[in-house]
Every structure is written in structure tokens, then in C-alpha cells.
Amino acid sequence: MLKTLLPLAAALLLPAVAVAALPRNDLREFRIGMPVSALPPTGYGGFTCANDPSKKLSGWSDFKACPASADGSHAVSFRYDDPASGGEGGKTRVAGQPVNLALLIDNDAQVIGLKIDTDPHTGLYLHKKAYLFGIEARARFGEDGWTCRKADPTPTEQPIGGVFIKEHCEKRTDTRHFVLDRQLFRDPAKDLRDFTDATQLTILRAH
């Protein structure tokens, strides 16, 4: 009986192993390392150069119209086109937080990075929660392996409700380099509604 069950057990395990081996996307259909030709043709819009938002693009393939950064990549900003992913003002959201998105594409037409920055121009309620997006990011990509550095407040930076955050974290795996920055503070000389609350996540191809 045991000899009969062993081949069956092995057969049942094979699909699970195959699924585990599949590459995991970094965001929706986007995965670091994919070619521009494989980027989704629909569902996204608002293509501009991240470093020059006034420069409009017709789509992903126009990435070389954007100025190259120091690493030679071209940053293309985009947004979700489907209304279900919008919300307040039709803003693009990730984990419920309004964000600005950009793909980093090299001269070989390959995605080498993804930037997700919380949108500072959203409503007050969500703006106050922007620093929490960093917690969501760490949960998504794994709590282990992060190296973090925290800065002390300056004279123009004070805690909000007793909480001060000025944190830079990095994590490296065999295929990814994660860079995560979070800020939560205010300038005591400014209005109470004028404060810094933000998270910036950059996912890069590991070198």
C-alpha cells in the first residue's frame, strides 16, 4: 500500500514545486528583467518622462525620449487606466495608498527598476498614512534581510504626535536590490497641516 501511495504523493507535489518556481511579479504584471516588448499594451496610460513630466509619451516604446540617468536608465512615469484601481480623484493606488509610479528601462529595452513613491498631493486623510506604505512594502517583500539607518531630527524637523521617522533601508537578494525611504515630521515654523509624510520604494535589478 505504501509503495502505491509514494508515486501518487510525488505526483501531487510536482505542481506545487512548479508553481513555487514561477517568477513573482514585483507589481501587477511588472517584473524586473522583463523586456519592453512584454509590457502590457492596455490598462495603463499617462506616460511621461519621470524627470520631465511635461514630455508626453505615446507608450512604453518611447522610453528613449526620456533623459538617461547616471546609470543609463530612462524613467517612464505611468498610471493605472482602469477606474477600479483609482479612487479619490482617480489616483493610482498601491496597497490603498495613492502613488506615483515609474519604470526604469535601460538602452537594451529591459526593465531594470521600478519606483513607487507615495503621492504628496493626495487628501489629508491618506497623506497622514503615507509612512505606513513602507510597512506594507516590507511585508510584501519579506521582513528579513533589511539594513536600516535612522537619522535624528534637525531644528526644522520635529515629531508629529510624538512620532519622528527619517529612515533609509536596503535589502539585497540574488535578483533584487530594494531601497526603502520613509519620512514623518514637520517644520515647527509652518502650519500644522504642512508636514512631510512619505515613503519611496525603489526595486532594482541586482548586480
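What follows is calculated from the coordinates using simple rules that are stated; it is not laboratory data. Just so you know, these numbers come straight off a predicted model, no measurement behind them. All Cβ positions, glycine included, derive from the backbone under ideal geometry; neighbour counts span all protein chains shown.
Placing pseudo-labels 7 Å out from each Cα toward the beta carbon at residue 52 and residue 25 gives an inter-label distance of 3.1 nm. Placing a label point 7 Å from the Cα of residue 190 along the Cα-to-Cβ line, the residues of the stretch 90-123 whose backbone N sits under 20 Å from it are 98-100, 117-123. When the chain is treated as a Gaussian network with alpha carbon springs shorter than 10 Å, the biggest mean-square fluctuation among 67, 41, 98 belongs to 41.
For the stretch 82-207, the spherically averaged projection of the C-alpha convex hull amounts to 9.6 nm².
Each peptide among 75-81, 143-149, 48-54, 154-160 gets the average number of other Cβ atoms lying within 10 Å of its residues, and from highest to lowest they stand as 75-81, 48-54, 154-160, 143-149. Between 68, 151, 109, the Gaussian network model of the chain with springs among Cα atoms under 10 angstrom shows the greatest mean-square fluctuation at 151. Measuring between their Cα centroids, the stretch 19-72 and the stretch 144-185 lie 26 Å from each other.
Taking 0.36 nm per residue of sequence separation and removing the Cα-Cα distance, the residue 71/residue 139 pair yields an extension gain of 21.6 nm. Modelled spin labels at residue 81 and residue 34, positioned 7 Å past Cα toward Cβ, are 1.5 nm from each other.
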